[in-house]
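Each remark here refers to the structure printed beneath this line.
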Amino acid sequence: MEDDVRERFERLENFLADNFVRWEMRMERAEQRMERAERRLDRLERIVTVAIRAGSRQLRELREAQRRTEEHLQRLAEAQRHTEERLDVLISVVDGIVRRLPPAAQ
């Protein structure tokens, strides 16, 4: 009976040793996958950071361009108002001249 127990104990010991080796191999592969995933995550984090910075810079540039465009449009609108006022004066002057001319000169 003692041989039977010893044999069962040896089989259990071999089973545990084999499973431990497999477990160690699985753990090593899992650690390698984790390291690769961490490197990928680090790379993605750097890419996102660069993209955010570029987007922020472009947004600032766009805001500045929009501000300049609005200033130009305001100046253009003011110049157009000034031109319309001068055109109204010119039309009024020409109209006054035409109305004063004798009927034969028209």
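Between Glu70 and Val50, how high is the FRET efficiency from 1/(1 + (r/R0)^6) when r is the Cβ-Cβ distance and R₀ = 35 Å? Nearest 0.05. After rounding, the FRET efficiency stands at 0.70. Dipole of region 1-75 computed with +1 at Lys/Arg Cβ and -1 at Asp/Glu Cβ about the Cα centre; of Val5, Thr49, Gln32, farthest Cα towards the positive end is Thr49.
The angle separating the long axis of helix 2-100 from the principal Cα axis of greatest extent in the chain is about 0 degrees. Distance between the C-alpha centres of region 1-26 and region 57-104: 97 Å, rounded to the whole angstrom. The modelled label-to-label distance between Val5 and Phe20, using points 7 Å beyond Cα along the C-beta direction, is 2.2 nm.
For the chain, pairs of C-alpha atoms spaced more than 23 angstrom apart make up 74 percent of the total.
Every read-out reported here was derived from the displayed coordinates using simple, explicitly stated rules and does not represent laboratory data. In this text the structure is predicted, and so the values were computed from the model without any measurement. For neighbour counting, all protein chains shown are included, and Cβ atoms are generated from backbone atoms with ideal geometry for every residue, glycine included.
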